[in-house]
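*Asks:* Take this structure, written in structure tokens, and hold onto it; I'll ask about it next.
Computed from the coordinates by the stated procedures, all read-outs in this text should not be read as laboratory data. Just so it is clear, the model here is predicted, and its values are computed rather than measured. Cβ placement follows ideal geometry from the backbone for every residue including glycine, while neighbour counts extend to all protein chains displayed.
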Amino acid sequence: MRPTLVLLQSQCLLCVFVGVCVPSAVVGSLPHSLPWRVSCPVRCMCQIKPWFSPDSVYHEAPTVDCNDLLLTKLPLPIPLDTHTLRLQSNLLSELDTGVLHRLPNLTDLDLSQNRFSRVQSIPQSSSLPSLLSLHLEENHLSHLPEASFSSLPALQELFLSHNILHSIAPGAFTGLDSLLRLHINNNRLTTVDPQWFRSLPHLEVLMLGGNPVEALPEQGFVALRSLQSLVLGGMGLRGLAEKALEGLDGLESLSFYDNLLTKVPTLALRRVPGLKFLDLNKNRIKLIETGDFRDMIHLKELGLNNMEELVSIEKAALENLPELTN
Ligand SMILES: *[C@@H]1O[C@H](CO)[C@@H](O)[C@H](O)[C@H]1NC(C)=O
């Protein structure tokens, strides 16, 4: 089920965040990769490739692709004007940060599916002023200390899903003032600390699902004034405090897929009146009652599938939802 959700979610995010900015005609006429004549590290591929920034700006990106090479060290020489460096699916546990430091235009660094267990062994000391996107999914990270990414002041996307994170220091994300997207789903977090989010005033997308968190704190997301999409799937949530979603004034998409909710968290949902997409699929809700979705006048899509315990939906429960199409 999970891959389907991720796909649906990303399609939804795509239409909300990319579709608006990138008309399909433009996508249809994208140039393919171009040759990049440069001294390339052995077994890697160096090409100029199309690249979109997290806020959908198109670039022709000098790209070094060293995926799947069983590398234990950075391959050399990395061309100085490298924009995108792909090191996915190798055996890296440390980086020679001096090498990265000499790449002033490095914008996208993919270290997913490697063996990093400490974030300190990633670009800590060396500042990467141009880096917008950092992929660290599927590593062995268990803890994020204070100011883990403070050497990456421009970062807009940070992917930390599918690690074994069980603790994150309150100020771990300090300095990430430009961050738009944070994925910390599928880790081992048991609590959500509101302090994590204090330094992320521009965050638009937060994926937190797949962590064994049984209860969310009151006003836990209040610092996330710009948040548009929040994914809380697969967490074991049994209910939601009345003020759990307080402050999320711009929230458009919310997923509670695969939790243990026994009723619609009506009071909490009243705090997010702008919601357009609400996914309650695969919960233990028995009854959908009149008033459960009151005043959610912008709701376009409502997911109530896969509810084995659902006995009935009161007739008036779905009244006054003028925008609902799905
Ligand atoms: C970095 O990018 C700028 C702007 O595109 C360019 O002028 C500069 O030469 C690049 N730096 C390197 C080391 O290639």
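*Asks:* Which of the lysines could a cross-linker bridge to Lys300, judged by Cα under 20 Å and excluding same-chain residues fewer than eight apart?
*Replies:* Here the lysines satisfying the reach criterion relative to Lys300 are Lys276, Lys282, Lys315.
*Asks:* Another question, if that's okay. By how many degrees, 0 to 90 and rounded to 10, does the Cα axis of helix 2-13 deviate from the longest principal axis of the chain?
*Replies:* The helix 2-13 is inclined about 90 degrees to the chain.
*Asks:* For Leu245, which sequence-distant residues (separation of 5 or more, or a different chain) have an amide H within less than 5 Å of its own amide H, given hydrogens modelled in the peptide plane?
*Replies:* Residues meeting the criterion, in which the H sits 1.01 Å from N, are Gln219.
*Asks:* Related question: For the stretch 108-116, in order, what is each residue's ³J(HN,Hα) by Karplus, 6.51 cos²θ - 1.76 cosθ + 1.60 with θ = phi - 60°, in whole Hz (x at glycine and Pro)?
*Replies:* 9, 10, 10, 10, 5, 6, 10, 10, 5
*Asks:* For every other residue with a beta carbon closer than 11 angstrom to the beta carbon of Thr174, add +1 if it is Lys or Arg and -1 if Asp or Glu, then tell me the sum. Write out the running numbers ahead of the final one.
*Replies:* Details: positive: Arg198; negative: Glu146, Asp177.
Here the count lands on -1.
*Asks:* Would you kindly calculate the mean projected area, averaged across all directions, of the convex hull enclosing the Cα atoms of the stretch 196-260, in square nanometres? Show your work: numbers first, answer last.
*Replies:* Numbers: hull surface 15.3 nm².
If you wrap the Cα atoms of the stretch 196-260 in a convex hull and average its projections, you get 3.8 nm².
*Asks:* Same structure, new question: Hey, fewest Cβ within 10 Å first, where do Thr107, Thr72 land in order? Could you put the intermediate results ahead of the total?
*Replies:* Numbers: Thr107 21, Thr72 12.
Ascending Cβ contact count within 10 Å gives the list Thr72, Thr107.
*Asks:* Tell me the label-point distance for the pair Glu146, Phe52, using the 7 Å Cα-to-Cβ offset, in nm and rounded to one decimal.
*Replies:* Label-label distance for Glu146 and Phe52, simple model: 3.9 nm.
*Asks:* Oh, and also: Taking every Cα atom in the stretch 32-188, find the radius of gyration and the maximum pairwise distance Dmax, and write them in Å.
*Replies:* Radius of gyration, then largest Cα-Cα span, for the stretch 32-188: 14.9, 45 Å.
*Asks:* In whole Hz and in residue order, list the ³J(HN,Hα) couplings for the stretch 292-297 that follow from phi through the Karplus curve 6.51 cos²θ - 1.76 cosθ + 1.60, θ = phi - 60°; x for Gly and Pro.
*Replies:* Result, ordered by residue: 4, 10, 4, 6, 8, 6 Hz.
*Asks:* Note down the net charge around Lys276, summing +1 for each Lys or Arg and -1 for each Asp or Glu among other residues with Cβ under 12 Å from its Cβ.
*Replies:* Details: positive: Lys300; negative: Glu252, Asp279, Glu301, Glu323.
Value of the local net charge: -3.
*Asks:* Here's a follow-up. Note down the net charge around Lys300, summing +1 for each Lys or Arg and -1 for each Asp or Glu among other residues with Cβ under 13 Å from its Cβ. Present the calculation step by step, with values, prior to reporting the outcome.
*Replies:* Values: positive: Lys276; negative: Glu252, Asp279, Glu301, Glu323.
Here the charged neighbours net out to -3.
*Asks:* May I ask for the equivalent-ellipsoid semi-axes of the chain, computed as the square root of five times each C-alpha gyration tensor eigenvalue and listed largest first in whole Å? Don't jump to the answer; show the numbers that get you there.
*Replies:* Values: eigenvalues 299, 95, 57 Å².
Whole-Å semi-axes of the equivalent ellipsoid: 39, 22, 17.
*Asks:* Okay, moving on. Taking H as built 1.01 Å from N, whose amide H comes closer than 5 Å to the amide H of Ser167, not counting residues under 5 places away?
*Replies:* For Ser167, whose amide H was placed from the backbone, the distant partners under 5 Å are Leu144.
*Asks:* Considering amide H positions built from the backbone, and no H for Pro or chain starts, which residues 5 or more places from Ala61, or on another chain, come under 5 Å of its amide H?
*Replies:* Result for Ala61 returns Lys49, Trp51.
*Asks:* If you don't mind, there's one more thing I want to ask. Step through the residues of the stretch 145-150 one at a time and calculate ³J(HN,Hα) from phi using the Karplus curve (6.51 cos²θ - 1.76 cosθ + 1.60, θ = phi - 60°), rounding each to whole Hz and writing x for Gly and Pro.
*Replies:* So the J values, rounded to whole Hz, are x, 3, 6, 4, 10, 6.
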